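*Asks:* Can you read through this structure? Questions will come right after.
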Amino acid sequence: DGEYRVAVGGSEATFGTRDGGDSRDVFARMREAMGFVSDHLPADEEPADLEVLALQGLLKPLDRHCRVIDERKLADFEARYRGTLSGIGARIGKRADVLTVVKVYEDSPALDAGLRAGDQVTHIDGVSTLNMDVSDAIARIRGPEGLQVTLTVLRPGEEGRRVFPIVRRKVVLPTIDAQLLDERFALLALDHFSQRTADEFKRKLLELAEGAPDGLSGVIIDLR
């Protein structure tokens, strides 16, 4: 109560929390702890991500939408916002703590290669994905247009691994899944927002309206 203990490479220190509810107090405590860690890290370890890790720890008790966007993640965020990137055209995530293909986009190198949603990625260019976080995996999969990346996957229901050599190219990230329900209702589900979302929304809504024999009776917008 009122204290926390930090242990690094055999050295240990105890700090008081001094919880005054002021953000300046919080960052002062962070600097104390990070200073101790930096001073006692083994010489071959790099403390560059220390501040990011500390901030992530501070945000954990809040909700899942709170996150720290460091330089590497900022590049990913900006690519998603532009709506285009150089990669394979598949969304990767963690499912049961396993790196998994969550979605394969239309007109993408991943689709052409035969990758499927549900494929579990075990290696990227021969590097094991065990304990690899999603941002690291994405950074390895993306790269210059025209260069190849090789994914080794386990496909549920099959024995052995499949190997997919995929040549990266520019892909457009769709932000909206659209479908017509009962030939009367347009369902537009937004995956994320980008600079392309407004135009994509209008285009897909018009396409659904044209496909409704008696016109649209309503529009359902799924923002989950």
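The values are calculated or read from the model by the stated rules, or taken from the named source; none is laboratory data. Please read these numbers as outputs of a predicted model, since none were measured by experiment. Note that we place each Cβ from the backbone using ideal geometry, even for glycine, and neighbour counts take in every protein chain shown. Just so you know, the surface numbers come from the protein's heavy atoms only, side chains and all, with ligands and any DNA or RNA stripped out. Shrake-Rupley method; radii C 1.70, N 1.55, O 1.52, S 1.80 Å.
*Asks:* Kindly provide the set of residues from segment 148-157 that are open to solvent by less than 80 Å² (accessible area, probe 1.4 Å) and either at pLDDT below 95 or within 30 Å of residue 212 (Cβ to Cβ) (or both), ordered by number.
*Replies:* Answer for segment 148-157, where residues must be open to solvent by less than 80 Å² (accessible area, probe 1.4 Å) and either at pLDDT below 95 or within 30 Å of residue 212 (Cβ to Cβ) (or both): there is none.
*Asks:* Return only the number of the condition from (1) open to solvent by less than 60 Å² (accessible area, probe 1.4 Å); (2) out of contact with any Lys or Arg (no Cβ under 7 Å at 6 or more places or on another chain) that residue 95 does not satisfy.
*Replies:* (1)
*Asks:* Next up: Suppose we keep only residues that are among the hydrophobic types (A, V, I, L, M, F, W, C) and either more than 30 Å from residue 76 (Cα to Cα) or assigned to a loop (DSSP other than H, G, I, E, B) (or both) within segment 190-224. Which one would you say is modelled with the lowest pLDDT?
*Replies:* 193
*Asks:* Determine, yes or no, whether residue 7 is of a type in the set (A, V, I, L, M), at pLDDT 80 or above, open to solvent by 70 Å² or more (accessible area, probe 1.4 Å) and over 18 Å from the mean Cα position of the chain (by Cα).
*Replies:* The answer is yes for residue 7.
*Asks:* Sticking with this structure for a sec: When segment 159-199 is examined, which residues are found to be without any contact (Cβ under 8 Å) to a residue 12 or more places away in the chain and more than 22 Å from residue 125 (Cβ to Cβ)?
*Replies:* Across segment 159-199, the qualifying residues are 159, 182, 198, 199.
*Asks:* Give me a count of the residues in segment 101-124 that are in a strand (DSSP E or B) and open to solvent by less than 10 Å² (accessible area, probe 1.4 Å).
*Replies:* Count: 3.
*Asks:* Oh, and also: Do we find a residue being within 23 Å of residue 193 (Cα to Cα), open to solvent by less than 70 Å² (accessible area, probe 1.4 Å) and among the small types (Gly, Ala, Ser) anywhere in segment 158-166?
*Replies:* For segment 158-166, residues within 23 Å of residue 193 (Cα to Cα), open to solvent by less than 70 Å² (accessible area, probe 1.4 Å) and among the small types (Gly, Ala, Ser): absent.
*Asks:* Can you tell me how many residues within segment 48-103 are among the basic types (Lys, Arg) and under 22 Å from residue 196 (Cβ atoms)?
*Replies:* 5
*Asks:* In addition: If I filter segment 167-189 down to residues being open to solvent by 30 Å² or more (accessible area, probe 1.4 Å) and of a type in the set (Val, Ile, Thr), which single residue comes out as modelled with the highest pLDDT?
*Replies:* So the residue we want is 167.
*Asks:* Select from segment 131-145 the residues that are surrounded by fewer than 10 Cβ atoms within 10 Å (Cβ to Cβ) and either in contact (Cβ under 8 Å) with a residue 12 or more places away in the chain or of a type in the set (A, V, I, L, M, F, W, C) (or both) and list them in ascending order.
*Replies:* 144
*Asks:* Quick one: would you say residue 36 is open to solvent by less than 40 Å² (accessible area, probe 1.4 Å), more than 30 Å from residue 195 (Cα to Cα), outside any loop (DSSP other than H, G, I, E, B) and among the aromatic types (Phe, Trp, Tyr)?
*Replies:* yes
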